[in-house]
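Visitor: Structure below; questions to follow.
The values are calculated or read from the model by the stated rules, or taken from the named source; none is laboratory data. Here the structure is a predicted model, which means the values were calculated and not measured. Reconstructed Cβ throughout: ideal geometry from the backbone, glycine too, with neighbour counts over all protein chains shown. Note: accessible area is taken over every heavy atom of the protein model, side chains too, but ligands, DNA and RNA are not part of it. Shrake-Rupley method; radii C 1.70, N 1.55, O 1.52, S 1.80 Å.
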Amino acid sequence: MAYNYLMLHYVYQRPEVLDHPSQSQKNQIAFIFVMGFLFFLWIVIYTIYRTTLQIKNNKMDRMEIENTLKDSQLNALKGQINPHFMFNSLNNIRGLILENPEKSREMITRLSEMLRYSLTKNEITTIALEEEIEMVENFIEISKIQMEERLNFISQIDQNTLKLQIPPMIIQMLIENAVKHGIAKLKDGGQISLETNLENNNLTILVSNTGMLTIEKDSTQLGIKNIEKRLYLIYGEKASFKLQEIENKVIAKIIIPIL
């Protein structure tokens with residue numbers, strides 16, 4: 001046996017080793033059993049190590065794929081945000097040029113700021129709340145060209161929330177929906193209000209408008225789904241979005257954790 005050969009030539013180097021008590025059949029069987037067990041144990045440990053390493057690598061690959069997919073989804077969602085109202089705004093501004101040139105120049109500036117915002121923030125996941133509010137103010141002023149006194153806008157912004165990070169254009173989408181599906185359908189118009197608060201390490205955003213919560217048959221609810229999807233992709237289950245009607249007002253409420 002290999003064991004006897006090794007013992008004879010490399011350990012004892014004398015033939016009488018074969019008569020040593022350790023060379024009994026019982027001891028040899030025990031030796032084979034022990035070596036077999038150690039070999040089996042080594043295989044198990046190595047297999048566990050390789051499996052754990054593979055799982056870790058697969059997890060890292062999966063996370064990388066998920067992050068890439070997440071970024072792609074966010075970019076795709078942000079690509080849906082480009083407001084269609086800009087085309088109508090240009091027509092309204094064109095009609096305003098002869099009537100009020102100074103006002104038309106101001107609206108062109110606001111519209112260009114909105115376009116710049118839309119383009120430069122497209123690759124950014126979050127921006128400061130104060131930047132978003134500036135975007136909203138431009139949108140409101142442009143919308144007033146067509147709606148005039150029918151649109152009343154008020155805001156109550158907690159100063160402590162101005163530097164907090166939020167997804168770009170998410171408030172603007174709520175305001176746009178409030179104008180399009182709320183105020184624009186009311187003969188006498190109505191009011192839109194924007195409010196932000198900081199509570200329990202969460203940012204609360206409230207957008208309310210006069211009117212009723214109705215969903216048209218041909219509506220895809222793209223704006224609502226867009227907001228929900230973007231919040232989930234960025235914050236997971238920690239963020240929430242609710243849209244409801246309370247006392248003849250449609251109220252949209254977003255809660256975002258402070259990261």
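Visitor: Does the range 120-133 include one or more residues that are over 22 Å from Ile224 (Cα atoms), open to solvent by less than 10 Å² (accessible area, probe 1.4 Å) and assigned to a helix (DSSP H, G or I)?
Guide: No, there is no match, as no residue in the range 120-133 is over 22 Å from Ile224 (Cα atoms), open to solvent by less than 10 Å² (accessible area, probe 1.4 Å) and assigned to a helix (DSSP H, G or I).
Visitor: So, one more: Just the residues that are under 25 Å from Gln244 (Cα atoms) and among the hydrophobic types (A, V, I, L, M, F, W, C), please, taken from the range 138-163.
Guide: If the condition is that a residue be under 25 Å from Gln244 (Cα atoms) and among the hydrophobic types (A, V, I, L, M, F, W, C), then Phe139, Ile140, Met147, Leu151, Phe153, Ile154, Ile157 are the ones that fit.
Visitor: Next question. Considering only the range 174-211, state which residues are in a loop (DSSP other than H, G, I, E, B) and open to solvent by 60 Å² or more (accessible area, probe 1.4 Å).
Guide: Correct list: Lys187, Asp188, Asn200, Asn201.
Visitor: When you look at Ile154, is it touching a Ser or Thr at 6+ places or on another chain (Cβ under 7 Å), farther than 23 Å from Ile255 by Cβ, open to solvent by 20 Å² or more (accessible area, probe 1.4 Å) and not in a loop (DSSP other than H, G, I, E, B), yes or no?
Guide: Considered against the rule, which asks whether it is touching a Ser or Thr at 6+ places or on another chain (Cβ under 7 Å), farther than 23 Å from Ile255 by Cβ, open to solvent by 20 Å² or more (accessible area, probe 1.4 Å) and not in a loop (DSSP other than H, G, I, E, B), Ile154 comes out as no.
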